[in-house]
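Written below as structure tokens is the structure these notes are about.
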Amino acid sequence: MSKPLSELEHRIGYQFKNDSLLKKALIHSSYANETSSKNPAIDCNERLEFLGDSILGMVVAEFLYKTFPDRPEGDLTRMRADMVCEKSLAHIAEQLNLGRYLLLGNGEELGGGRKRPSILADAVESVIAACFLDGGMAAAENFVKK
């Protein structure tokens, strides 16, 4: 594994057994689209993002449910929404310096995609799913709670 990805593993607190999952989590659709004619095996992180979004929602919901036993459902729903929103996830990505590791197409690269909140938030969800697929729910949960 390249040094930058091992640095990212250290930042997220999880070492992958199958580093291809982490690599896939960092491939934006713009990169996959630009390189698919040269290498059709390259796939983007969108499916991982889908899975990671659900895992994140469940982990946060369970945390809130257990942490605030007297709060009504509406409060818990608002709290969860605040915790899993694009702004919060982008902030986490910035703390991890996740943008540095992303593979972006030329247009996204030139357009500032490494700092775009939607791309960063999606990458966090993709990394959550990669942790889950590689190490199970405990690995994903540890990353989310960290």
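The values are calculated or read from the model by the stated rules, or taken from the named source; none is laboratory data. The structure presented is a predicted model; accordingly, all values stated were derived computationally and were not measured. Methodologically, a virtual Cβ is constructed for each residue, glycine included, from the backbone with ideal geometry; neighbour enumeration extends over all protein chains shown. Heads up: the accessible areas ignore ligands, DNA and RNA and are worked out on the full protein's heavy atoms, side chains in. Shrake-Rupley method; radii C 1.70, N 1.55, O 1.52, S 1.80 Å.
Among 28-34, 120-126, what's the highest-first ranking by average C-beta atoms within 10 angstrom per residue?
120-126, 28-34
Quick check on my link table: of LYS23/LYS115; LYS24/LYS66; LYS17/LYS87; LYS87/LYS145; LYS17/LYS66; LYS87/LYS115, which ones sit more than 23 Å apart, alpha carbon to alpha carbon?
LYS24/LYS66; LYS17/LYS87; LYS17/LYS66
Of the accessible area of segment 1-141, with the probe set at 1.4 angstrom, what percent is carbon plus sulfur?
Looking at segment 1-141 in its full context, I get 54 percent from C and S.
Return the FRET efficiency for the residue pair ASP19, LYS115: r is the Cβ-Cβ distance, R0 is 30 Å, and the value is rounded to the nearest 0.05.
The value I calculate is 0.75.
With charges set only on the Cβ (+1 for Lys and Arg, -1 for Asp and Glu), what does the dipole of segment 40-146 come to about its Cα centre, in debye to the nearest 20?
Computed about the Cα centre, the dipole is about 320 debye.
Give me the distance in nm between label points sitting 7 Å out from Cα along the Cα-to-Cβ direction at HIS91 and ASP75, one decimal.
Placing both labels 7 Å along Cα→Cβ, they lie 2.1 nm apart.
Looking at LEU21, MET58, GLN95, which one has the Cα that reaches farthest to the positive end of the dipole of the chain (charges on Cβ: Lys, Arg +1; Asp, Glu -1)?
My answer, from the dipole projection, is GLN95.
Note down the accessible area of GLU62, probe 1.4 Å, to the nearest 10 Å².
70 Å²
I want to check the label-to-label distance for LYS66 and SER54. Put each point 7 Å from Cα in the C-beta direction and report it in nm to one decimal.
Label at LYS66, label at SER54, 2.2 nm between them.
Show me the ranking of peptides 70-78, 86-94 by mean Cβ neighbours inside 10 Å, starting with the highest.
Ranking, from highest mean packing down: 86-94, 70-78.
Ignoring ligands, DNA and RNA, what accessible area per residue does the chain give at 1.4 Å, in Å²?
Roughly 57 Å² per residue, with all protein chains present.
Whole-Hz Karplus ³J(HN,Hα) for segment 91-107, in order, using 6.51 cos²θ - 1.76 cosθ + 1.60 and θ = phi - 60°, x for Gly and Pro?
Listing the rounded values in order: 4, 4, 4, 5, 4, 7, 6, 5, x, 4, 9, 5, 9, 10, x, 4, x Hz.
Rounding to the nearest 10 and keeping the result within 0 to 90°, find how far the Cα-based axis of helix 73-84 lies from the longest principal axis of the chain.
For 73-84 against the chain, the angle is about 30 degrees.
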